[in-house]
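Trainee: Take this structure, written in structure tokens, and hold onto it; I'll ask about it next.
Each reported figure results from applying straightforward, stated rules to the coordinates on display, with no laboratory input. What you see is a predicted model; the values in this text were computed from it and never measured. All Cβ positions, glycine included, derive from the backbone under ideal geometry; neighbour counts span all protein chains shown.
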Amino acid sequence: MLSTLLLKELKLEFRTKETVLSMLLLGTVLSFLFSISIENLKQEFVVIYFWIIIFMISSLGLYRSYQNEKNLDSFNMMISSPVDPSIIFISKVVSFFIQIFIVELFLFPIIVLFFKVNFEISYGVFFLTLATNWYISALGNIIGGMTLRSNRNEMIIPILLFPFSAPILLAIIRATTGVINNYSFYDFSNWVFIIIASAIVIFILGIWAYYDIIKE
Amino acid sequence: MTSLKNRETFLDNRFNNLIFWLAISFSFINILLIVTSSSSLIDLYGKENYARWIFYYHVPIAWNAGLCFILAGINSFLYIKTNKIKYDFKALSFAELGTLFGILILITGSLWAKSEWGVYWSWEARLTTTLILVLIYFGYFMIQKYGGAYEKTSINRAYISLMSTIMIPIIYYSVQFFKDEFQSHPSNGSYFVYGGLQIFFFSLLSFSLLLIFLHKYRIFYLNKKKEFLK
């Protein structure tokens, strides 16, 4: 069942590619603006701006994802079908996780190019990126579900997503800076712990709460 | 039409009346005590400093705001579990008061920071945590206002409140260690001179009474609204 729902989400997206493309375009424009407005860039700034841009464009992607469900009224049909709502939640989280990862794959070289710095991706950075993407995806789908019955979801998603993401933004910036500067793991293990713990807690909360959030 | 017959005001209840007058009089005495007492003027370095007065407002407000946020989270959890509307009203009232007191923390904290450190905002950990919580609760009120029908928004609000309560330790932990080269919060306890401690606890008591009064008042009018909706 999970694979069917996941396939449906991904097919819906990659038939038109509108969400991924618009996220990528907005990310490119934002990184262009950030890079021309600041001189004397350091390597840390790439990390900071990269994650700020990712949080901004993910609110756009979530809005598109739930707007599609609302426009076609398909969500009511899906929750009236005999499927466990937590499976719907997991499929949406995995789908958005894949989308945002694809966007990052294309956006990262653009940012490195614009900011004119040398940046090598290690396994640590890769793993931290995946964990943070999982957090954004789980949190964003909880918040997106909340806005499903609202007419103002374009406002509510960023207003709720950014404050909840603030601690994770701090943690990922510190942890990534620690990895690329070759600090010992002990120096930034707290931040890695915060990211992983938040991702797990929010994901479990979403599985538990998703039916209450989306039901009519 | 039943609601129109019910002309009972908040102060008709004897307990509410008592709480109202106690809160008013204690707050008034509190101001007089703080302003007239000379021991409340001594700052952390043993000098006289008028900005020290803000301490006797800032810390009691902060303790009450923390209590409000925790109680909002607990009542939201109970609402999710039992689906009884009284818990939702309590959670909503505590969330509103927590946000109000949170904004007051930010204002009084900035004023105190200006006198102690020379800047209004220095990314101190507890103020930053409060700021993030207040921003989350602004989203909470956005959901309440624009989230759709009442039955939907109430459950969504409850989950946001629960999530913010879960995130409080994580937010505090992360902001405390993020800006470690910046300002640290002055520790409390060891800086009281004679008389200051009593004034502080009186202030705490008066703000707690104010909190109880405001909470009772809000619950009373939410219940009235519920009767009217029937």
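Trainee: Can you list the lysines whose alpha carbon is less than 24 Å from that of A:LYS17, not counting same-chain residues fewer than 8 positions off?
Mentor: A:LYS8, A:LYS70, A:LYS92
Trainee: Shape verdict for segment B:50-117, please, from the Cα gyration tensor: rounded (a/c under 1.5), prolate (a/b greater than b/c) or oblate.
Mentor: It comes out prolate by the Cα gyration axes.
Trainee: Using alpha carbons only, how many angstrom separate the centre of segment A:39-67 from the centre of segment A:120-194?
Mentor: The two parts, judged by their Cα centres, are 11 Å apart.
Trainee: With a 10 Å Cβ neighbour count serving as the proxy for reagent exposure, in which order, fewest first, do A:MET78, B:MET163, A:MET1 appear? Before the final figure, lay out the partial values.
Mentor: Values: A:MET78 15, B:MET163 23, A:MET1 12.
Neighbour counts put them in this order, fewest first: A:MET1, A:MET78, B:MET163.
Trainee: Only helical DSSP H runs with n ≥ 4 go in: add -39500 (n - 2.57) per run for the protein assembly as shown, normalise by residue count and round the 222 nm mean residue ellipticity to 500 deg cm²/dmol.
Mentor: Numbers: 15 runs with 358 residues, N = 446.
Mean residue ellipticity, 222 nm, calculated: -28500 deg cm²/dmol.
Trainee: Take the alpha carbon gyration tensor of segment A:64-207, find the square roots of its eigenvalues, order them as a ≥ b ≥ c, and report rounded if a/c is under 1.5; if not, report prolate when a/b exceeds b/c, else oblate.
Mentor: On the way: a/c = 2.32, a/b = 1.85, b/c = 1.25.
It comes out prolate by the Cα gyration axes.
Trainee: Which lysines does A:LYS42 reach when only Cα atoms under 29 Å apart count, and residues fewer than 8 places away in its own chain are ignored?
Mentor: Those lysines meeting the cut-off are A:LYS116, B:LYS179.
Trainee: Also: Average partner chain C-beta neighbours within 10 Å, per residue of A:158-171?
Mentor: Numbers: counts 1, 8, 11, 1, 4, 12, 10, 1, 11, 11, 4, 2, 8, 5.
Going residue by residue through A:158-171 and averaging, the value is 6.
Trainee: Hey, in the GNM for chain A with a 10 angstrom Cα cutoff, which one of A:SER198, A:SER150, A:SER86 fluctuates hardest?
Mentor: Of A:SER198, A:SER150, A:SER86, the Gaussian network model singles out A:SER150 as fluctuating most.
Trainee: Something else: For peptide B:163-169, compute the average count of partner chain beta-carbon atoms within 10 Å of each residue's beta-carbon.
Mentor: Working: counts 10, 3, 0, 4, 9, 0, 3.
Average neighbour count from other chains, rounded to a whole number: 4.
Trainee: Still on this model: Can you sort B:TRP117, B:TRP112 by how many other beta carbons sit within 10 Å, fewest first? The partial results should precede the final answer.
Mentor: Values: B:TRP117 14, B:TRP112 22.
Lowest count first: B:TRP117, B:TRP112.
Trainee: Tell me the trypsin sites (Lys or Arg not before Pro) within segment A:25-87 that lie in a loop according to DSSP and have at most 15 other beta-carbon atoms within 10 Å. Let's see the in-between values first.
Mentor: Numbers: sites: A:LYS42, A:ARG64, A:LYS70; in loops: A:LYS42.
Those that pass, being in a loop and sparsely packed, are A:LYS42.
Trainee: For a quick check of your reading of the filter: which GluC sites (Glu not before Pro) in segment A:1-65 sit in a DSSP loop and have no more than 15 other Cβ atoms within 10 Å?
Mentor: Details: sites: A:GLU9, A:GLU13, A:GLU18, A:GLU39, A:GLU44; in loops: A:GLU39.
In loop regions of segment A:1-65 (DSSP not H, G, I, E or B), the sparsely surrounded GluC sites (Glu not before Pro) are A:GLU39.
Trainee: While we're here: Would you mind getting the Kirkwood hydrodynamic radius of the protein assembly as shown from its Cα pairs, rounded to one decimal in Å?
Mentor: In the protein assembly as shown this quantity evaluates to 24.3 Å.
Trainee: Compute a Gaussian network model of chain A, connecting alpha carbons closer than 10 Å, and tell me which residue from A:PRO158, A:PRO167, A:PRO85 fluctuates the most.
Mentor: A:PRO167
Trainee: Here is a further query. Against the longest alpha carbon principal axis of chain A, how many degrees, from 0 to 90 and to the nearest 10, is the axis of helix A:85-115 turned?
Mentor: Between helix and principal axis, roughly 30 degrees.
Trainee: Let me ask another. Residue by residue through segment A:19-32, which ³J(HN,Hα) values in whole Hz follow from phi under the Karplus form 6.51 cos²θ - 1.76 cosθ + 1.60 (θ = phi - 60°), with glycine and proline marked x?
Mentor: Result, ordered by residue: 5, 4, 5, 5, 4, 5, 5, 5, x, 5, 4, 5, 5, 4 Hz.
Trainee: Total Lys pairs in segment B:22-169 closer than 21 Å by alpha-carbon, pairs eight or more apart in sequence or interchain only?
Mentor: Step by step, the pairs that qualify in segment B:22-169 add up to 9.
Trainee: Grab the other residues whose beta carbon is less than 14 angstrom from that of B:ILE80, score K and R as +1, D and E as -1, and report the net.
Mentor: Values: positive: A:LYS215, B:LYS81, B:LYS84, B:LYS86, B:LYS90, B:LYS152, B:ARG157; negative: A:ASP212, B:ASP88, B:GLU151.
Here the count lands on +4.
Trainee: What does the charge count near A:ALA209 come to, summing +1 for each Lys or Arg and -1 for each Asp or Glu among other residues with Cβ under 14 Å from its Cβ?
Mentor: On the way: positive: A:LYS92, A:LYS215, B:LYS81, B:LYS152, B:ARG157; negative: A:ASP84, A:ASP212.
Taking every Cβ under 14 Å from that of A:ALA209, the sum is +3.
Trainee: Still on this structure, I have one more. May I ask you to list the chymotrypsin sites (Phe, Trp or Tyr not before Pro) in segment A:155-216 that are in a DSSP loop and have at most 16 other Cβ atoms within 10 Å of their Cβ?
Mentor: Numbers: sites: A:PHE164, A:TYR183, A:PHE185, A:TYR186, A:PHE188, A:TRP191, A:PHE193, A:PHE203, A:TRP208, A:TYR210, A:TYR211; in loops: A:TYR183.
Answer in residue order: A:TYR183.
Trainee: How do A:ARG149, B:ARG7 line up, fewest other C-beta atoms within 10 Å first?
Mentor: Numbers: A:ARG149 20, B:ARG7 7.
With the fewest neighbours first, A:ARG149, B:ARG7 line up as B:ARG7, A:ARG149.
Trainee: Just check segment A:1-49 against the gyration tensor rule for me: Cα atoms, a ≥ b ≥ c as the square roots of the eigenvalues, rounded for a/c under 1.5, and otherwise prolate or oblate depending on whether a/b exceeds b/c. Display every interim value, and only then the final one.
Mentor: Details: a/c = 7.76, a/b = 2.62, b/c = 2.96.
It comes out oblate by the Cα gyration axes.
Trainee: Angle, helix A:43-72 long axis vs. longest principal axis of chain A, Cα atoms, 0 to 90°, nearest 10?
Mentor: With rounding to tens, the tilt is 10 degrees.
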